[in-house]
Amino acid sequence: MNTKELSEKEIYEICQKELNKRDLKNKKIIVIIPDNTRSGPTYLFFKFLIDILSSKVKKLDFLIALGTHPIMSEEKVKNFLHLNGEEKYFNIYQHEWNKTEKLIKIGVIERLDVKRITNGLMDEKIEIEINSLILNYDEIIIYGPVFPHEVVGFSGGYKYFFPGISGPKFLNKFHWLGALITNPKINGFKKTPVRDLLNIAANFIKIPKTLICSVIKGKKVMGLFIGEVDAWEKAADLSSQINIKYVDRSYNFVISIAPEMYEDIWTAGKCMYKLEPVVEDGGKLIIYAPHVKEISYTHGKDLMKIGYHTRDYFLKQWNKFKNYPGCILAHSTHVKGIGTYINGIEKPRIEVILATSISEEICKKVNLGYMDYNLIKIEEFENKENEGILVVKNAGEILYRRKDGYIPDIDELYKKGDKNEV
């Protein structure tokens, strides 16, 4: 693989060249950007887009695609975008997914289409709602990095519409669809039923769209693609080379160290998603994040009620859980990992343990393991891969897989148990 970091000059020139091809003169433009849970120099693209577009367009604003993440404080926005007075001239909005008055229904994916696309995993129509703010503009530009992702396969592209600036109806459905397929079978795959649904939903947005898709490694821009869906596809192809690490074996003990940008388990759960494929059956994975104090700043109350469980724990007790939002159920089972539920007994494939500032009492209440992070000396576990121990720093964006192609599978787990309960 012959890739190199793009310089700031190269990034600017690519953006300028591609955007100059588009008829944006005297038009109202809104740029959708990620929040601070995504790596990469978003501030750089923010500055460059202002410089390239502000003199030619009629209006230029920005919308932070929070999905269901909490609103960023003014200080966080300032630090994230390296603001230096620009906010005086350009509006910077933040998406509020739970404010129905700010959402508008733009279409419906019909039941038969949903059933076909999901291979029968879902059999219902899905309404599409989105932040009505974008309808005030002539053109939409989406900037964001493309990483392996537990729900859609790869992030980026139209994912910044859904769930980035969408309402809860659609995002709950496709998050649960990702959970039904399971993280090991969707994370890092470009072609997925969830991505197909996102692309169909995006077609209901009739405003012209331009995608700016970056590929990031260690906060460095390694690739940049600008266009329509083809730009995202090229970025996903490069990301699959840069952001998937192949290893020779599975590990019995994994310490996955969360970066500071993940402020709760809702986001730090990525430290599990990206490493689940290389944890041995019966192994342990520790999410090491001393800075994390909350399960979820947005969805904590519901997660305290349902806890963290395998997919089939929910499916086989569906009447009990069907009224909980799909994104919450999906997060729960993604963090817990795949496993079985036979004759009322839940058996996760691996044990997930929190080494955070969340108390042992709460960990037990939500059905996750607990370790005192003060007792974990990271240096004592490093460089012991041959002993089945793996330490991953800045976890959450690089997906780990085995070189031999092995992927943990629920059906295989059931074959070891009661086949009649599959």
(Q) Regarding segment 84-91, can at least one residue be identified that is of a type outside the set (A, V, I, L, M, F, W, C) and under 25 Å from the mean Cα position of the chain (by Cα)? (A) no
Q) Among the residues of segment 16-41, how many are outside any loop (DSSP other than H, G, I, E, B) and surrounded by fewer than 21 Cβ atoms within 10 Å (Cβ to Cβ)? A) 6
Q | K190 of a type outside the set (G, A, S), in a loop (DSSP other than H, G, I, E, B) and more than 30 Å from N383 (Cβ to Cβ) | A | yes
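Residues checked against (1) touching a strand residue (DSSP E or B) at 6+ places or on another chain (Cβ under 7 Å); (2) surrounded by 13 or more Cβ atoms within 10 Å (Cβ to Cβ):
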| residue | (1), (2) |
| --- | --- |
| G67 | no, yes |
| F90 | yes, yes |
| V108 | yes, yes |
| V114 | yes, yes |
| D123 | no, no |
| I140 | yes, yes |
Q. Inside segment 329-350, can you point out the residues that are buried (at least 24 other Cβ atoms within 10 Å of the Cβ) and without any contact (Cβ under 8 Å) to a residue 40 or more places away in the chain?
A. S332, K336
Q: For segment 27-42, indicate whether the set of residues that are hydroxyl-bearing (S, T, Y) and closer than 22 Å to G227 by Cβ is non-empty.
A: yes
Q. Out of segment 60-83, which residues are over 25 Å from the mean Cα position of the chain (by Cα) and either small (G, A, S) or modelled with pLDDT of 95 or more (or both)?
A. L60
Q: Filter segment 47-81 down to residues that are β-branched (V, I, T) and under 19 Å from E96 (Cα atoms), then give me how many there are.
A: 4
Q) Of everything in segment 370-396 that's in a loop (DSSP other than H, G, I, E, B) and touching a Pro at 6+ places or on another chain (Cβ under 8 Å), which residue is surrounded by the fewest Cβ atoms within 10 Å (Cβ to Cβ)? A) N394
**Q.** Residue among E276, E233 that alone is outside the structural domain of L375 (by TED's automatic domain parsing) and among the acidic types (D, E)
**A.** E233
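The values are calculated or read from the model by the stated rules, or taken from the named source; none is laboratory data. This is a predicted model, so every value here is computed, not measured. We place every Cβ from the backbone using ideal geometry, glycine too, and count neighbours over all the protein chains shown.
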